[in-house]
1. By accessible area of protein heavy atoms, probe 1.4 Å, what ranking do I168, I45 get, highest first?
2. Cα centroid distance between region 1-69 and region 175-234, in Å?
3. Using a simple charge model, +1 on the beta-carbon of Lys and Arg, -1 on the beta-carbon of Asp and Glu, nothing else, what dipole does the chain show about its Cα centre, in debye to the nearest 20?
4. Report the net charge of residues surrounding L160, where surrounding means a beta-carbon distance below 13 angstrom and charges are Lys +1, Arg +1, Asp -1, Glu -1.
5. Given H180, I16, L111, which one lies farthest toward the positive end of the charge dipole of the chain, if we put +1 on the Cβ of every Lys and Arg and -1 on the Cβ of every Asp and Glu?
6. Under a 5 Å amide H to amide H cut-off, with H placed in plane at 1.01 Å, what residues pair with I215 once short-range neighbours are removed?
7. How would T200, T96 rank on accessible area, largest to smallest, probe 1.4 Å?
8. Can you tell me the accessible area per residue over region 1-148, all protein chains present, probe 1.4 angstrom, in square angstrom?
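The values are calculated or read from the model by the stated rules, or taken from the named source; none is laboratory data. For clarity, every value in this text was computed on a predicted model and none was experimentally measured. So basically every Cβ, Gly included, is an ideal-geometry build from the backbone, and we count neighbours across all protein chains shown. These area figures cover heavy atoms from the full protein model, side chains too; ligands, DNA and RNA do not enter into them. Shrake-Rupley method; radii C 1.70, N 1.55, O 1.52, S 1.80 Å.
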Amino acid sequence: MIDKERLARKCSTWNIALTPAQLDQLDAYAALLVDYNQKVNLTAITTPEGIEDRHFADSLLFAAQPEVCGRLVDVGTGAGFPGVVAKIYKPDLQLTLMEPTGKRVDFLRYLCAELGLSGVEFAKERAEEAARKPWREQFDIACARAVAALPVLCEYCLPLVKPGGHFIALKGPDAEAEVHAAARALRVLGGQYAETRAFTLPDGSARGLVVCRKISQTPTVYPRNGGKIAKKPL
């Protein structure tokens with residue numbers, strides 16, 4: 001399905017080394033994604049090189065960050081990006097895939113079984129509801145890609161992260177502007193902006209990894225319900 005040598009070559013420019021077994025898993029992932037996508041809308045990107053660049057290389061960039069360890073929650077994971085790829089790259093991760101859409105959760109269960117991935121939890125939940133349940137402040141790291149603007153994402157993700165942990169948002173060329181807009185949300189929710197790590201994906205598009213620390217507990221009034229978060233971001 002994908003060109004494994006080409007993907008390995010692209011990742012090597014970031015000093016990301018993939019084993020033959022990991023490349024085989026990613027190849028199988030791509031094939032399963034494209035096949036399942038015919039009955040459930042998972043992705044608009046279905047060409048081999050598109051999957052390599054926009055899904056796999058992008059997710060591996062996140063996975064290679066030193067903060068990505070321990071217990072990870074991927075909020076609004078969709079078809080499993082970046083969480084499943086991170087689990088392939090770092091098998092010791094304890095991964096929770098959080099996704100409210102049942103058909104996508106069904107795909108994720110099927111995918112992880114087919115890829116032989118163990119230690120994966122599936123949470124059919126909206127993040128703002130999950131943070132009022134046993135998942136509150138349980139994770140070392142939370143991530144989100146293509147879910148919402150950063151002020152909104154902070155309220156989805158930071159309540160799930162334990163103090164001392166991290167939240168990393170995968171953003172595009174406007175990452176810095178989003179950081180500025182999210183300053184109050186970070187402060188209110190117990191977060192602190194650390195840095196934005198800028199990269200260029202193999203297809204030339206810009207990627208900013210916005211790294212935030214969780215420095216104190218999130219006040220119990222947060223997260224609010226989804227409607228309030230959307231209408232009046234912090």
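1. Numbers: I168 0, I45 50 Å².
So, going from the largest accessible area down, we get I45, I168.
2. A separation of 25 Å, based on Cα centres.
3. For the chain, the charge dipole is close to 940 debye.
4. Overall, the nearby charge balance is -1.
5. Selected residue: H180.
6. When sequence neighbours closer than 5 places are left aside, the close amide H contacts are G164, G191, Q192.
7. Reading off the accessible areas and sorting them downward yields T200, T96.
8. Numbers: 6220 Å² over 148 residues.
Computed with neighbouring chains in place, this is 42 Å² per residue.
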